[in-house]
1. Would you be able to tell me the number of residues in the range 17-52 that are in a loop (DSSP other than H, G, I, E, B) and among the hydrophobic types (A, V, I, L, M, F, W, C)?
2. With the requirement that a residue be in contact with a helix residue (DSSP H, G or I) (Cβ under 8 Å, 6 or more places away or on another chain) and without any contact (Cβ under 8 Å) to a residue 24 or more places away in the chain, what does the range 41-61 give you?
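We did not get these values from a lab; they are worked out from the coordinates using the rules stated. Computed from a predicted structure; not experimentally measured. Here the Cβ is made from the backbone with ideal geometry for all residues, glycine too, and neighbour counts use every protein chain on show.
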Amino acid sequence: MPKERKRKEKDEREPTFEEALARLEEIAARLEGDSLSLQEAIALAEEGQRLMEVCEKQLSAAEAKIHQLVERSGELTMEPFETDGEGEEST
């Protein structure tokens, strides 16, 4: 039985960001059509919500890893990446 569980877990791996995004685009296209039953639309919306959470998790992890290389005194140093509006002092 443990082998079956491992196989199932492997089959249900978390999609890559690109896979999740592509599937979200497919879901959006289907939901924009008018040929879905209410049950199908709800199931797709639930799948889309799960995929959005996957994308957000992966984006947050990537953001945490982003650093800027800055040359100072002939040496490269790592600095945290700042997005627009972050790190600015308000006046």
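1. Here is the first cut: in the range 17-52, the ones in a loop (DSSP other than H, G, I, E, B) are 33-37.
Filter once more, so that each one left must be among the hydrophobic types (A, V, I, L, M, F, W, C): 36.
Residues that pass the stated criteria total 1.
2. Step one: of the range 41-61, the residues in contact with a helix residue (DSSP H, G or I) (Cβ under 8 Å, 6 or more places away or on another chain) are 41, 44-45, 47-48, 51-52, 54-55, 58-59.
Within the range 41-61, 41, 44, 45 meet the criteria.
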